[in-house]
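Presented below is the structure to which this report refers.
The values are calculated or read from the model by the stated rules, or taken from the named source; none is laboratory data. Every value quoted in this text rests on a predicted model; they were computed, and no experiment measured them. Using ideal geometry, Cβ is built from the backbone for each residue, glycine included, and neighbour counts are taken over all protein chains shown. Heads up: the accessible areas ignore ligands, DNA and RNA and are worked out on the full protein's heavy atoms, side chains in. Shrake-Rupley method; radii C 1.70, N 1.55, O 1.52, S 1.80 Å.
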Amino acid sequence: MKLFKNKEIRRVCAAMLLCGAAAVCVCLFLDTRCAVVCALLMLCSMAVFLIAAARRYRSMAELSNSLDRILAGAEGIDLSLYTEGELAILQNELAKLTVKLREQAGELKNDKQLLADSIADISHQIRTPLTAMNLLLAALAKPDITEEKRAEGIRDMHRQLSRIDRLISSLLKLARLDADSVSMSMRQVPIAEVISEALEPVAILMELSGQRAEVEASGSVYCDPSWLSEALANIIKNCSEHMQNGSIYIKAHENPLYSEITVRDTGAGIAKEDLPHIFERFYKGGNSKEGSVGIGLALCRTIVSKHNGSVKAENAAEGGAKFTVRIYKSVL
């Protein structure tokens, strides 16, 4: 029998036989009928033990087969096959393990696909300015090029290099945030201070485009000021790039649940087909300017999420695009 191939079963049976034989020998000194009854009880006990062990090992074999089917791609273990007891507890834990392993396998597959897509996007984003620079170099190498064309070509190369620099800088920041390797210096600061810091890097761009910013802020926010101001700067820069002249209205306030900052421009707004994708990496809408890398709003969303917050884009009732950033307060 397969059951007796198990060393533990053989040891238990041998121990039961020895104990039973010893009991029978003792009973023989007392009464022959008592010895017979003792021998029958011993045999019945062994039979009950072997039957129970056979059923247990049969259940374990079924459980093992279920695990093999799961590894081969089956859906899961049928819970109705097992009743209460140690085996059911083991089955339950194995079921949890298989579900967890399936989830991890799915996440790894998604991560691999995301990595492949990201590498393809990065390659495309870098290849475009590099191709333009190669063409510019070829044009600058011509002996009959005028000084005006040469100066224009150099300016174009500077723009392409700046584009690559912005892309690499943003990608490095995203990679650090995704890897949780950024140490946030969280503290309570006035919202007006964060907005002022966010406006500094885009002030010249807005001035050259004939734009102005109107700020109305009150309250404070618990954040890393440098990171949150960068997220807001990306929103303001996006608004500035998608309109000529006009104004950007920034309002902020605090309530018991969250600190909210809204940024609204007076431009043409966001196209309906672009709204669901505006925070995706490398996504550029139909109104995007040439040279944009399509990563600023994705970086903004990642930074805000690291602050236990959310960011939403929509078209304002007054016209133009509207971005709403909420930084939620911790629940005690």
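Numbers for the structure displayed
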quantity	calculated
Condition check for residue 316: of a type in the set (Gly, Ala, Ser), farther than 20 Å from residue 255 by Cα, modelled with pLDDT of 85 or more and surrounded by fewer than 21 Cβ atoms within 10 Å (Cβ to Cβ)	yes
Given (1) in contact (Cβ under 8 Å) with a residue 60 or more places away in the chain; (2) within 30 Å of residue 128 (Cβ to Cβ); (3) in a helix (DSSP H, G or I); (4) out of contact with any Cys (no Cβ under 7 Å at 6 or more places or on another chain), index of the condition residue 243 fails	(3)
Check on residue 215, hydrophobic (A, V, I, L, M, F, W, C) and without any contact (Cβ under 8 Å) to a residue 60 or more places away in the chain	yes
Answer from 330, 292 - the residue that is modelled with pLDDT under 85, in contact with a Lys or Arg (Cβ under 8 Å, 6 or more places away or on another chain) and surrounded by fewer than 20 Cβ atoms within 10 Å (Cβ to Cβ)	292
Residue that is most open to solvent (accessible area, probe 1.4 Å) [pool: residues in the range 246-273 that are in a strand (DSSP E or B) and polar (S, T, N, Q)]	262
Unique residue being outside any helix (DSSP H, G or I) and of a type outside the set (Phe, Trp, Tyr) when the list is 198, 213, 203, 175	213
Near pairs, Cβ below 6 angstrom, 6+ apart or cross-chain, from the range 160-180 (small (Gly, Ala, Ser)) to any residue that is surrounded by 17 or more Cβ atoms within 10 Å (Cβ to Cβ) and assigned to a helix (DSSP H, G or I)	170/299
Residue satisfying condition, being modelled with pLDDT of 85 or more, within 30 Å of residue 330 (Cβ to Cβ) and open to solvent by 40 Å² or more (accessible area, probe 1.4 Å), within set 220, 181, 185	185
Selection count where residues are under 30 Å from residue 214 (Cα atoms) and surrounded by 15 or more Cβ atoms within 10 Å (Cβ to Cβ), scope the range 162-178	6
Only one of 155, 159 that is in a helix (DSSP H, G or I) and either touching a helix residue (DSSP H, G or I) at 6+ places or on another chain (Cβ under 6 Å) or surrounded by fewer than 12 Cβ atoms within 10 Å (Cβ to Cβ) (or both)	155
Test set (1) within 20 Å of residue 299 (Cβ to Cβ); (2) open to solvent by 40 Å² or more (accessible area, probe 1.4 Å); (3) assigned to a helix (DSSP H, G or I) - residue 193 fails condition number	(1)
Residue ID - farthest from the chain's Cα centre (by Cα), chosen from residues in the range 303-313 that are surrounded by fewer than 21 Cβ atoms within 10 Å (Cβ to Cβ) and not in a strand (DSSP E or B)	308
